[in-house]
1. Can you tell me how many residues in region 180-218 are under 24 Å from the mean Cα position of the chain (by Cα), of a type outside the set (Gly, Ala, Ser) and either in the same structural domain as SER64 (by TED's automatic domain parsing) or part of a loop (DSSP other than H, G, I, E, B) (or both)?
2. Listed residues GLY80, GLY51, GLY58; which is small (Gly, Ala, Ser) and more than 15 Å from the chain's Cα centre (by Cα)?
3. Which of the numbered conditions does GLY30 fail, given that it passes all the others? Conditions: (1) in contact with a helix residue (DSSP H, G or I) (Cβ under 6 Å, 6 or more places away or on another chain); (2) at pLDDT below 70.
4. Going by the structure shown, is THR115 at pLDDT 90 or above, touching a Leu at 6+ places or on another chain (Cβ under 9 Å), β-branched (Val, Ile, Thr) and assigned by TED's automatic domain parsing to the domain that holds PHE76?
5. Residues in region 160-179 that are farther than 14 Å from GLU212 by Cα and either at pLDDT below 85 or not in a loop (DSSP other than H, G, I, E, B) (or both): how many?
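The values are calculated or read from the model by the stated rules, or taken from the named source; none is laboratory data. All values derive from a computational prediction rather than experimental measurement. When we count neighbours, we look across all protein chains shown, and the Cβ atoms used for this are built from the backbone with ideal geometry, even at glycine.
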Amino acid sequence: MSNVEPMRELKALDVFRDLSACGQQMLECGMSLNQFQQLQTIIHKGDSVAGAYVVVRGRLRVYSISPGGNEATLYFINPGEVCILALNCIFNNLDYPAWVQTEADTCVGVIPSLTYRTLFQTEPSIQNLTVHALSVLVFRLMEELEEIHSMNLNARLAKFILMRGEADGQLQMTQSELASHLGTTREVVAKLLRKMVADKAVKTLRGAIVIEKPELLARQASASDTLG
């Protein structure tokens, strides 16, 4: 697929639209665009990153893996956002400390380390992007920690389904994928979903969940009792 359309999408993002003419030229000459049609892990823990990762379309999931092999989502990177962990690596010569997975139909721009550092020194919009990425990361991590400490797993699952469901009320995700996001096992997720199905809050399909009673899910999501 041609890079013309993704580059147009990239340049339409606020942060890059505000670049100077010189900055625009540096970006076009140095950046590579990578398109992913399906889920794919593009960075592994310990990798040396190629530069700054900017989401043009779709979304990236940054996650950790426990010694027991369970995945847990740390945060998502949305269109127009840059991965702050990758920035930390390129500014401090560090290896990446987690894993990064694309969602389906995702386009990611990679700005080489030297190019990004040069733009950071000369372009206010890149400085603002970097500071914004740091503040968003801190907020999202604190929000995730608050949920872990204040919510039981059923409440976290209910909130995740509500927050990530599409406009038609469907969440296209397998039970294994849900377990990876929540840092638990597929068996635990399956047990919680069976209870939600019995309550008629949701209906499960192959690879998807359909929200049937959002008001009931919302009540479950607001529960803060610890698991017994």
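1. So the answer is 3.
2. Details: GLY80 fails: more than 15 Å from the chain's Cα centre (by Cα); GLY58 fails: more than 15 Å from the chain's Cα centre (by Cα).
The unique qualifying residue is GLY51.
3. (2)
4. On the way: at pLDDT 90 or above: yes; touching a Leu at 6+ places or on another chain (Cβ under 9 Å): yes; β-branched (Val, Ile, Thr): yes; assigned by TED's automatic domain parsing to the domain that holds PHE76: yes.
Taking the combined requirement at face value, the residue satisfies it.
5. Looking only at region 160-179, we keep the residues that are farther than 14 Å from GLU212 by Cα, and these are 160, 163-164, 172-179.
If we keep only those that are either at pLDDT below 85 or not in a loop (DSSP other than H, G, I, E, B) (or both) too, we end up with 160, 163-164, 175-179.
Looking only at that region, the number is 8.
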